[in-house]
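**Student:** One structure is given below, represented as structure tokens, and several questions about it will come after.
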Amino acid sequence: MSIAFIGLGNMGSPMAGNLAAAGLEVRGFDIVAPVPDGVFAAVSIAEAVIGAETVITMLPDGRTLRTVAAEAIPAASAGTCFVDCSTVDVESARAVAADAEAAGLLPVDAPVSGGTGGAAAGTLTFMAGGSELAFRKAKPIFDIMGQKAVHCGGPGNGQAAKICNNMILGVTMIATCEAFALADRLGLDRKAMFDVVSTSSGYSWSMNAYCPAPGIGPNSPSDNDYRPGFSADLMLKDLRLSQLAAAAAGADTPMGMAATELYRSFVENEDGAGRDFSAMLPRFEARSRES
Ligand code: NAD
């Protein structure tokens, strides 16, 4: 099986490396990043794509995806699986899928969760949108790069699942952090707070698996001075995508909107840029009701 891999950044590089390590022939292309060990360096998108049975993209945003797809789709032969693993807006995902389908390709939008650690370990989760046939063809590739792939329906539905999940995550992380900050002011010990909430109706992934309070619960970025992990910047990106999608679909998402505004302020006006998204806790800790 031969693979073209476009976009070899923090996520793409280890993902492409895992495919090569599994014995697949991988040709990689990036405008800046070097190819990882075992991956052949292509000099252009077209050179990477010509003759590949599967094309994978892992790019920063929808605009870049559209540009890369405009070059990659004409170079691919009919029947090629075209898998985009980037997190992008639903509209771009659906537009690229329509172009790919018109060229006889099998498009799948398959954003991931699991971060750079999951990419390196080959334990990502893929949320996939596309036809049954396209998903079936891409599944063995997902199995190498990840531990789980969920078929969420037609084109764009992988992106839809990703931004809905991350909207919940952003909102619950904020709720968890503001509750810890309130507990502090009420004189409630953080360990007691964790022991109660993690086993009561306030539990969530944010509390139980990624506790934002250092020294409490499982090991998480809060125990590493809030180094990401999952950065506040990437959370802001995903929340913005959720609000773009909500606006386009006419959906009422007041909590998603509030979370987007809080992360925007945290990243753009405060000290959130480059920190883990759970660093909302020291942010709330340092503020009072009036500030
Ligand atoms: P990154 O910026 O490290 O990598 C993107 C790569 O794309 C860069 O190396 C860049 O040079 C390359 N690129 C840009 N334009 C290109 C072009 N025209 N042709 C070829 N290459 C081009 O970003 P990342 O952290 O690897 O994330 C990639 C995607 O995965 C994003 O959509 C992000 O939202 C998503 N994601 C990231 C994480 C994470 O923890 N980093 C987790 C889940 C999802």
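The values are calculated or read from the model by the stated rules, or taken from the named source; none is laboratory data. Predicted model only: the values in this text are computed from it and were never measured. For neighbour counting, all protein chains shown are included, and Cβ atoms are generated from backbone atoms with ideal geometry for every residue, glycine included.
Residues checked against (1) buried (at least 22 other Cβ atoms within 10 Å of the Cβ); (2) more than 15 Å from the ligand (Cβ to nearest atom); (3) in a strand (DSSP E or B); (4) among the hydroxyl-bearing types (Ser, Thr, Tyr):
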position	(1), (2), (3), (4)
Asn10	no, no, no, no
Gly17	yes, no, no, no
Gly23	no, yes, no, no
Val26	yes, no, yes, no
Pro36	no, no, no, no
Ile56	yes, no, yes, no
Leu65	yes, no, no, no
Ala72	yes, no, no, no
Val83	yes, no, yes, no
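**Student:** Identify the single condition in (1) over 22 Å from the mean Cα position of the chain (by Cα); (2) modelled with pLDDT under 95 that Glu178 does not satisfy, given that it satisfies every other one.
**Tutor:** All conditions are met except number (2).
**Student:** Looking at (1) within 13 Å of the ligand (Cβ to nearest atom); (2) surrounded by 24 or more Cβ atoms within 10 Å (Cβ to Cβ); (3) farther than 22 Å from Asn18 by Cβ, which one does Ala110 not meet, given that it meets all the others?
**Tutor:** Every condition holds for Ala110 apart from (3).
**Student:** Which residues, counting only those in the stretch 126-140, are in contact (Cβ under 8 Å) with a residue 60 or more places away in the chain and among the small types (Gly, Ala, Ser)?
**Tutor:** Once the filter is applied, which keeps residues that are in contact (Cβ under 8 Å) with a residue 60 or more places away in the chain and among the small types (Gly, Ala, Ser), the stretch 126-140 yields only Ala138.
**Student:** Select from the stretch 237-290 the residues that are within 16 Å of the ligand (Cβ to nearest atom), part of a helix (DSSP H, G or I), among the basic types (Lys, Arg) and without any contact (Cβ under 8 Å) to a residue 60 or more places away in the chain and list them in ascending order.
**Tutor:** The answer is Arg240, and nothing else.
**Student:** Another question about this same structure. Taking the condition of being in a loop (DSSP other than H, G, I, E, B) and either under 21 Å from Ala179 (Cβ atoms) or within 14 Å of the ligand (Cβ to nearest atom) (or both), how many residues in the stretch 223-236 meet it?
**Tutor:** Counting residues in the stretch 223-236 that are in a loop (DSSP other than H, G, I, E, B) and either under 21 Å from Ala179 (Cβ atoms) or within 14 Å of the ligand (Cβ to nearest atom) (or both) gives 5.
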